[in-house]
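Peer 1: Structure provided below as structure tokens; questions to follow.
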Amino acid sequence: MSAAPIPRAFVVGHPIAHSRSPLIHGYWLSQHGIPGSYERLDVAPAAFADFLRALPDSGFRGGNVTIPHKEAAYALVDTLTSRAEKIGAVNTLVVEPDGRVRGDNTDAPGFCGHLDHSLGAGWPERAGGTAVVLGAGGAARAIVVGLAENGLRRILIANRTRARAETLAALAPGIGAALDWNDLPDALAGAGLLVNTTSLGMKGQPPLDLDLTPLPETAAVADIVYAPLETDLLAAARHRGLAAVDGLGMLLHQAVPGFEAWFGLRPAVTPGLRDRIVADLSG
Ligand code: ATR
């Protein structure tokens, strides 16, 4: 009798060298003594459809999808979770036993799982039901869907390009609304949660210059930027005594559902894992 094949998963992107996902999944595989593998695959956009078509016979149980393939994966998979369908992008693929490829988007539960972990359950109520989201790109789409799923009653979206904020607000009907950047002070005064999803504050990008004074003192501030870990926005929030949530946790938490689907065990986001990634980011 031949031995069962070892479980294999991947992250596919172009380029792919920068991806931290192999470190995260490799950490969990060795922590749990699972004889599996998680591999980096560089696939150019022109080859992505063929890659997906060949996936059921490849021996992989699935994998993560990163830039620039998230929208193509959405269009090409056999089935979509309702979350991925709403967000319009796929970051996690699972090969089903019948060979069909399912597309999921774990950025939404990743972000909200991170808030549960950092702020404690009940954060949507403590936020008074109102969040302000800065930015309206792919990450913002996942976050708005996640916030709406978690019971936020009002999500105000400010973006440099207002039309994108309006499109995004329509994803959360009755809850989402677009906001002019100039109207942020008034919006912040009524917000329990502020989330930066723009690239402002990232290494090599301009800082996010926003006065946090209007935020209530019970508000929390989350940034999805994780390089640097302590952005100017988070430093300003801490300076005001507000809860500050960094972007690394979202990256770690979004990896949990994929690992569970491919390797059969729900892993934990531990301080040890976080330290491992922080060491890599600062190395
Ligand atoms: P992601 O998928 O990571 O969200 P994205 O779709 O490129 O990336 O979105 C980047 C976000 O950062 C957008 O909201 C973008 O604003 P626009 O929609 O107006 O492009 C925002 N952003 C990037 N650079 C910015 C800058 N210099 N000033 C203000 N907003 C910026």
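The numbers here are math on the coordinates, done by the rules we state, and not lab data. Since this is a predicted model, take the numbers as computed values, not measurements.
Peer 1: How much of the calculated P(r) for the stretch 1-147 lies past 20 Å, in percent of all Cα pairs? List each step's numbers first, then the result.
Peer 2: Details: 5879 of 10731 pairs.
In whole percent, the share of Cα-Cα pairs in the stretch 1-147 beyond 20 Å is 55.
Peer 1: Further question: Over the stretch 159-258, calculate the relative contact order: mean separation of alpha carbon pairs under 8 Å at least 6 apart, over the residue count, as a percent.
Peer 2: Relative contact order comes out at 21 percent.
Peer 1: Per DSSP H run of n ≥ 4, the term is -39500 (n - 2.57); total these for the chain, divide by its residue number, and report the mean residue ellipticity at 222 nm rounded to 500 deg cm²/dmol.
Peer 2: Computed ellipticity for the chain at 222 nm equals -10500 deg cm²/dmol.
Peer 1: Using a Gaussian network model on the chain with a 10 Å cutoff between Cα atoms, which of Ala47, Ala187, Ala243 fluctuates the most?
Peer 2: Largest GNM mean-square fluctuation: Ala47.
Peer 1: GNM on the chain, C-alpha springs below 10 Å: top fluctuator among Phe51, Phe111, Phe60?
Peer 2: Top of the fluctuation ranking is Phe51.
Peer 1: How many times 2.2 N^0.38 Å is the alpha carbon radius of gyration of the stretch 141-216? Mind showing how you got there, number by number?
Peer 2: Values: Rg = 12.5 Å, N = 76, 2.2 N^0.38 = 11.4 Å.
For the stretch 141-216, the normalised Cα radius of gyration is 1.09.
Peer 1: Same structure again: Return the sequence-ordered ³J(HN,Hα) values of the stretch 77-86 in whole Hz as given by the Karplus equation 6.51 cos²θ - 1.76 cosθ + 1.60 applied to θ = phi - 60°, using x for Gly and Pro.
Peer 2: 5, 6, 9, 10, 6, 5, 5, 5, 4, 5
Peer 1: From the square roots a ≥ b ≥ c of the eigenvalues of the alpha-carbon gyration tensor of the stretch 210-283, which class results: rounded (a/c under 1.5), prolate (a/b over b/c), or oblate?
Peer 2: prolate
Peer 1: Quick one: what does P(r) look like for the chain with 10 Å bins over all Cα pairs, in whole %?
Peer 2: Per 10 Å bin, starting at zero, the Cα-Cα P(r) for the chain comes out as 6, 28, 34, 22, 7, 1, 0 percent.
Peer 1: Tally the DSSP beta bridges in the stretch 25-122 and give the antiparallel ones as a percent, rounded to 5. Numbers along the way, then the final one.
Peer 2: Details: 7 of 9 bridges.
Counting DSSP beta bridges with both partners in the stretch 25-122, the antiparallel share is about 80 percent.
Peer 1: Continuing with the same structure: Please check: in the Gaussian network model of the chain (C-alpha springs, under 10 Å), which one of Val90, Val43, Val144 has the largest mean-square fluctuation.
Peer 2: Among Val90, Val43, Val144, the largest GNM mean-square fluctuation belongs to Val43.
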